[in-house]
1. Restricting attention to segment 1-19, which residues are assigned to a loop (DSSP other than H, G, I, E, B) and either in contact (Cβ under 8 Å) with a residue 24 or more places away in the chain or surrounded by 10 or more Cβ atoms within 10 Å (Cβ to Cβ) (or both)?
2. Do we have residue 22 as assigned to a helix (DSSP H, G or I) and either free of Cβ contacts under 8 Å to residues at least 24 places away in the same chain or loosely packed, with under 10 Cβ neighbours inside 10 Å (or both) here?
3. Answer with yes or no whether residue 33 is polar (S, T, N, Q) and surrounded by 15 or more Cβ atoms within 10 Å (Cβ to Cβ).
4. Could you grab me the full set of residues in segment 25-50 that are charged (D, E, K, R) and in a helix (DSSP H, G or I)?
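Only the coordinates and a few stated rules stand behind these numbers; no lab work does. This is a predicted model, so every value here is computed, not measured. A quick note on method: Cβ atoms are made from the backbone with ideal geometry, for glycine too, and the neighbour counts reach across all protein chains shown.
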Amino acid sequence: MDDLILRKVKQIVQNVNITKGRNPTKEELMLWTGRSEKDLREIMRKLKQS
């Protein structure tokens, strides 16, 4: 998995938490990253491990 997409998703999650007080939905993440639901599940799994 590319480090760039991991950083991008982490930044999106942090920004939505700060601005809206919640985690982004999977639909929002799919829209903003252009990744599939399967890819995002793997990305989130890797972020939780780090």
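1. Quick first cut of segment 1-19, residues assigned to a loop (DSSP other than H, G, I, E, B) only: 1-2.
The answer is 1, and nothing else.
2. Working: assigned to a helix (DSSP H, G or I): no; either free of Cβ contacts under 8 Å to residues at least 24 places away in the same chain or loosely packed, with under 10 Cβ neighbours inside 10 Å (or both): yes.
Considered against the rule, which asks whether it is assigned to a helix (DSSP H, G or I) and either free of Cβ contacts under 8 Å to residues at least 24 places away in the same chain or loosely packed, with under 10 Cβ neighbours inside 10 Å (or both), residue 22 comes out as no.
3. Details: polar (S, T, N, Q): yes; surrounded by 15 or more Cβ atoms within 10 Å (Cβ to Cβ): yes.
Yes: the conditions hold for residue 33.
4. At the first step, the residues of segment 25-50 found to be charged (D, E, K, R) are 26-28, 35, 37-39, 41-42, 45-46, 48.
Across segment 25-50, the qualifying residues are 26, 27, 28, 37, 38, 39, 41, 42, 45, 46, 48.
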